[in-house]
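J.: The structure that follows is given in the form of structure tokens.
The values are calculated or read from the model by the stated rules, or taken from the named source; none is laboratory data. In this text the structure is predicted, and so the values were computed from the model without any measurement. Positions of Cβ are backbone-derived with ideal geometry, glycine not excepted, and every protein chain shown enters the neighbour counts.
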Amino acid sequence: MAKKKKKVVKVTKKKAAKAGKKGKGKKTEKKSGFTAVYLGLGSNVGDREEYIEQAIFLMEKNPNIEVIKRSANHETEPEGGGSQPPFINATVAIKTKLRPHKLLDVCQEIETTLGREREIEWGPRTIDIDILLYGGEIVSDDKLQIPHPLMHERLFVLKPLKEIAPQVIHPILEKTIEALFDERKAELGEKYDDELPGFKEIKGGGYDDYERW
Amino acid sequence: MIGRIIEIEDLSTARSEMLAIGADKVGVELMAPKAVSRVLKLKGLKPAAANIVKQEMLSFGGEAATAYGSINQSVEKSDLLIFGTLKQLSQLAEKLKLHQFGLPAVAAELKSVLNNYSAVPEPIKIKDKNLVFGLRTYIMGVLNVTPDSFSDSNKFMDIDAAVSHAKQMIADGADIIDIGGESTRPGAAQISAEEELKRVPPGIKRLAAETEAPISIDTTKARVAKEAVAAGAAMINDISGLHFDPEMAKVAAKAGAPIVLMHIQGQPANMQSNPCYSDLLGEVIDYLNEGLEIAKKAGILLEQIIVDPGIGFGKTVEQNLEILKRLRELKVLGRPVLVGVSRKTVIGKVLDLPVDDRLEGTAAAVALSIANGADLIRVHDVKEMSRVAKMTDAIVRLR
């Protein structure tokens with residue numbers, strides 16, 4: 001394990017320069033001394049909840065990642081409707097030494113491990129992992145954008161994220177996740193309904209369950 | 001003040017216990033390998049090598065036991081028991097690299113043994129199912145399409161009945177359906193591949209068409225495995241651990257399917273006549289390791305292999321109980337462990353109950369197997385054992 005760590009440090013140093021400017025100090029959420037990174041997970045094929053659990057477990061197994069909190073699972077109609085089955089979405093907060101691009105590699109590796117082989121782009125997703133926020137950092141290149149460029153428009157991201165990080169500030173929009181959620185909900189007006197699929201919290205996972213950290 | 005004993009079996013428990021008393025973070029990393037102890041058994045060392053290991057281990061504050069005659073080289077070979085913390089053992093491995101007498105190879109073995117023992121195997125993909133080991137215990141439901149299997153005699157011979165039974169098992173929580181046409185019941189006569197081929201592939205075809213759950217083919221015959229894979233089986237379960245049919249490894253390699261290697265002493269027809277071991281766990285592990293070598297040579301990926309100690313296959317009641325108790329030792333192979341104990345004779349003998357009355361006994365054995373490191377369980381009573389596994393997982397895999 002020690003060997004592995006050394007390698008990671010080397011890579012991250014190299015990548016650090018590329019990883020974009022840091023946000024102002026006050027925007028970096030410091031909670032018991034670490035920068036919190038938030039990931040969004042989604043699955044809309046097969047045993048969706050199981051895929052979410054598997055993805056979170058594989059993150060925990062990675063020696064460079066510690067999962068500190070997770071949201072409940074939320075069921076969501078896919079954007080644009082159509083014939084795609086609904087998604088299960090969740091968010092997790094992690095602690096990691098990995099720089100953003102290296103973390104992206106890890107996320108993609110987990111997607112590959114758990115994914116079906118006959119994957120078509122924009123088709124049903126076995127498991128999708130997005131980096132939503134990396135502390136207060138802003139990253140923008142052709143591989144990776146942090147904050148995730150669509151997160152503030154997506155209730156299926158904002159709702160589970162609000163559960164575990166209501167007061168965290170979006171480093172570009174400079175608003176809390178809770179404020180962004182309320183805004184988006186207000187925009188949707190009457191269309192928003194807690195009981196509708198897409199906004200419904202479903203069983204499994206669960207914020208409270210993970211409070212043991 | 002009351003002192004107490006903390007159970008620490010792995011590094012992460014060691015770390016969290018130290019952090020809980022406020023130990024320094026850097027210190028925790030340095031101290032953790034000193035909190036976990038292991039006893040390693042090495043077989044057949046030359047006395048010179050054994051003596052050096054003992055001497056070096058003593059210098060690190062550990063210990064190693066050798067055969068008495070090792071000291072004056074009056075024995076040709078000595079087995080070795082090495083006692084130490086992970087820290088001492090890794091120091092030993094580093095030091096042994098510098099010695100002669102084949103000790104660099106011993107150092108490499110030491111490292112791989114320690115790594116395998118604590119590592120969680122990487123996930124295996126079967127059809128669209130991910131077996132993510134460590135997350136939970138996976139359930140293999142038994143579907144016999146044989147007229148003489150010991151548990152479901154004749155009940156599932158009819159193909160419609162078999163398919164509907166499989167569907168029920170999937171609904172009850174089976175992750176994999178294990179379908180077999182040859183009874184491996186103690187004393188069962190061997191049947192021909194033709195007979196097996198008549199029973200199994202049609203069932204697999206139907207099942208694969210009607211359900212999404214991956215299907216495993218329980219056979220020792222390469223021809224049957226090949227036909228079964230063509231019919232839609234996604235996994236091979238070979239109770240001979242690649243020891244009976246020399247073609248089996250090639251078929252599995254070509255199919256690219258995950259394979260279960262099981263330990264058996266003898267053949268099903270005679271295996272219970274006089275099971276005999278001088279080192280039970282050692283021999284089971286060696287046999288499975290041989291299977292891994294055969295697999296590797298044939299081009300089967302190590303990552304695709306699951307091992308099974310073969311409860312009831314050439315073992316007395318006591319031997320079966322000992323394997324269940326010491327199941328964790330199989331982790332040294334670095335592969336996921338499957339346990340099939342459901343309704344078996346060992347339970348019948350302990351409880352003095354017939355095969356249709358072994359549910360509780362099975363539950364106890366399943367729970368203990370999971371606690372002792374089983375990653376998959378092969379069971380008949382899927383609904384009940386899924387619950388047993390889920391409850392046991394909640395305790396054992398708490399993280």
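J.: Does segment B:32-45 contain at least one residue that is on the phi < 0 side of the Ramachandran plot, out of contact with any strand residue (DSSP E or B) (no Cβ under 9 Å at 6 or more places or on another chain) and loosely packed, with under 15 Cβ neighbours inside 10 Å? Don't jump to the end; show me each part of the working.
T.: Step one: of segment B:32-45, the residues on the phi < 0 side of the Ramachandran plot are B:32-43, B:45.
Those still in the list that are out of contact with any strand residue (DSSP E or B) (no Cβ under 9 Å at 6 or more places or on another chain) too: B:32.
Filter once more, so that each one left must be loosely packed, with under 15 Cβ neighbours inside 10 Å: none.
No.
J.: Search segment B:184-220 for residues being under 21 Å from the mean Cα position of the chain (by Cα) and assigned to a loop (DSSP other than H, G, I, E, B), and hand back the single one that is surrounded by the fewest Cβ atoms within 10 Å (Cβ to Cβ). So that I can check it myself, show each step before the final result.
T.: Let us first name the residues in segment B:184-220 that are under 21 Å from the mean Cα position of the chain (by Cα), namely B:184-186, B:214-220.
Narrowing the set further to residues that are assigned to a loop (DSSP other than H, G, I, E, B) leaves B:184-186, B:214, B:219-220.
Working: B:Thr184: 26, B:Arg185: 20, B:Pro186: 17, B:Pro214: 24, B:Thr219: 30, B:Thr220: 26.
Once the filter is applied, the top-ranked residue is B:Pro186.
J.: Look at B:Ile52 and say whether it is at pLDDT 95 or above and more than 16 Å from B:Leu86 (Cβ to Cβ). First the steps, then the outcome.
T.: Numbers: at pLDDT 95 or above: yes; more than 16 Å from B:Leu86 (Cβ to Cβ): yes.
So B:Ile52 fits the description; yes.
J.: Is it true that some residue in segment B:99-117 is part of a strand (DSSP E or B) and modelled with pLDDT of 95 or more? Give the derivation first.
T.: Looking only at segment B:99-117, we keep the residues that are part of a strand (DSSP E or B), and these are none.
The answer is no, given that none of the residues of segment B:99-117 is part of a strand (DSSP E or B) and modelled with pLDDT of 95 or more.
J.: Just name the residue that is farthest from B:Ile347 (Cα to Cα) out of those in segment B:103-115 that are in contact (Cβ under 8 Å) with a residue 24 or more places away in the chain and either aliphatic (A, V, I, L, M) or within 14 Å of another protein chain (Cβ to nearest Cβ) (or both). Steps first, please.
T.: Going residue by residue through segment B:103-115, those that are in contact (Cβ under 8 Å) with a residue 24 or more places away in the chain are B:103, B:106, B:109-110, B:112-115.
Cutting the leftovers down to either aliphatic (A, V, I, L, M) or within 14 Å of another protein chain (Cβ to nearest Cβ) (or both) gives us B:103, B:106, B:110, B:113-115.
Numbers: B:Leu103: 44, B:Val106: 39, B:Leu110: 36, B:Val113: 32, B:Leu114: 33, B:Asn115: 34 Å.
Checked segment B:103-115; the qualifying residue farthest from B:Ile347 (Cα to Cα) is B:Leu103.
J.: How many residues are buried (at least 23 other Cβ atoms within 10 Å of the Cβ) and farther than 25 Å from B:Asp175 by Cβ if we restrict to segment A:44-75?
T.: Adding up the residues that qualify gives 2.
J.: Could you list, in sequence order, all residues of segment B:378-399 that are away from chain A (no Cβ under 14 Å), assigned to a helix (DSSP H, G or I) and not aliphatic (A, V, I, L, M)?
T.: Result: B:Lys383, B:Glu384, B:Arg387, B:Thr392.
J.: Only one of (1) touching a Gly at 6+ places or on another chain (Cβ under 8 Å); (2) closer than 25 Å to B:Met385 by Cα fails for B:Lys205. Which number is that?
T.: The one condition B:Lys205 does not meet is (2).
J.: Which of the numbered conditions does B:Gly84 fail, given that it passes all the others? Conditions: (1) assigned to a helix (DSSP H, G or I); (2) surrounded by 19 or more Cβ atoms within 10 Å (Cβ to Cβ).
T.: Result: B:Gly84 passes all but (1).
J.: Here is a further query. Are there any pairs, at least 6 apart or on different chains, whose C-beta atoms fall under 8 Å, with the first in segment A:93-122 and within 18 Å of A:Ser140 (Cα to Cα) and the second modelled with pLDDT of 95 or more and assigned to a helix (DSSP H, G or I), and if so, which?
T.: Sorted first by the residue in segment A:93-122, then by its partner, the pairs are A:Leu98/A:Val106.
J.: In the list B:Gln73, B:Gln100, which residue meets the criterion of being more than 14 Å from chain A (Cβ to nearest Cβ), touching a residue at least 12 places away in the same chain (Cβ under 8 Å), surrounded by fewer than 18 Cβ atoms within 10 Å (Cβ to Cβ) and among the polar types (S, T, N, Q)?
T.: Values: B:Gln100 fails: touching a residue at least 12 places away in the same chain (Cβ under 8 Å).
Just one listed residue meets the conditions, B:Gln73.
J.: With the requirement that a residue be within 14 Å of B:Ser386 (Cα to Cα) and among the acidic types (Asp, Glu), what does segment B:347-370 give you?
T.: B:Glu360 - this is the single residue of segment B:347-370 that is within 14 Å of B:Ser386 (Cα to Cα) and among the acidic types (Asp, Glu).
J.: Continuing with the same structure: Please verify whether A:Ile127 is touching a helix residue (DSSP H, G or I) at 6+ places or on another chain (Cβ under 8 Å) and modelled with pLDDT of 95 or more, treating the condition exactly as stated.
T.: Working: touching a helix residue (DSSP H, G or I) at 6+ places or on another chain (Cβ under 8 Å): yes; modelled with pLDDT of 95 or more: no.
It is false that A:Ile127 is touching a helix residue (DSSP H, G or I) at 6+ places or on another chain (Cβ under 8 Å) and modelled with pLDDT of 95 or more.
One line per residue, one yes/no per condition, for (1) farther than 22 Å from B:Asn130 by Cα; (2) of a type in the set (Asp, Glu):
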{"site": "B:Ile300", "(1), (2)": "no, no"}
{"site": "B:Ile306", "(1), (2)": "no, no"}
{"site": "B:Ile311", "(1), (2)": "yes, no"}
{"site": "B:Gln319", "(1), (2)": "yes, no"}
{"site": "B:Ile323", "(1), (2)": "yes, no"}
{"site": "B:Val346", "(1), (2)": "yes, no"}
{"site": "B:Asp357", "(1), (2)": "yes, yes"}
{"site": "B:Ala364", "(1), (2)": "yes, no"}
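J.: Moving on. Of the conditions (1) within 32 Å of the chain's Cα centre (by Cα); (2) not assigned by TED's automatic domain parsing to the domain that holds B:Lys97, B:Ala20 fails just one. Which one is it?
T.: Going through the list (1) within 32 Å of the chain's Cα centre (by Cα); (2) not assigned by TED's automatic domain parsing to the domain that holds B:Lys97, B:Ala20 breaks only (1).
J.: So which residues in segment A:28-69 are part of a strand (DSSP E or B), more than 14 Å from the chain's Cα centre (by Cα) and either more than 13 Å from chain B (Cβ to nearest Cβ) or at pLDDT 95 or above (or both), if there are any at all?
T.: Hits for segment A:28-69 are A:Lys30, A:Lys31, A:Thr35.
J.: Pull out all pairs, ordered by first then second residue, where Cβ-Cβ is under 8 Å, the residues are six or more apart or on different chains, the first lies in segment B:120-145 and is more than 9 Å from every other protein chain (Cβ to nearest Cβ), and the second is among the acidic types (Asp, Glu) and part of a strand (DSSP E or B).
T.: These pairs meet every condition: B:Met140/B:Asp178; B:Gly141/B:Asp178; B:Val142/B:Asp178; B:Leu143/B:Asp178.
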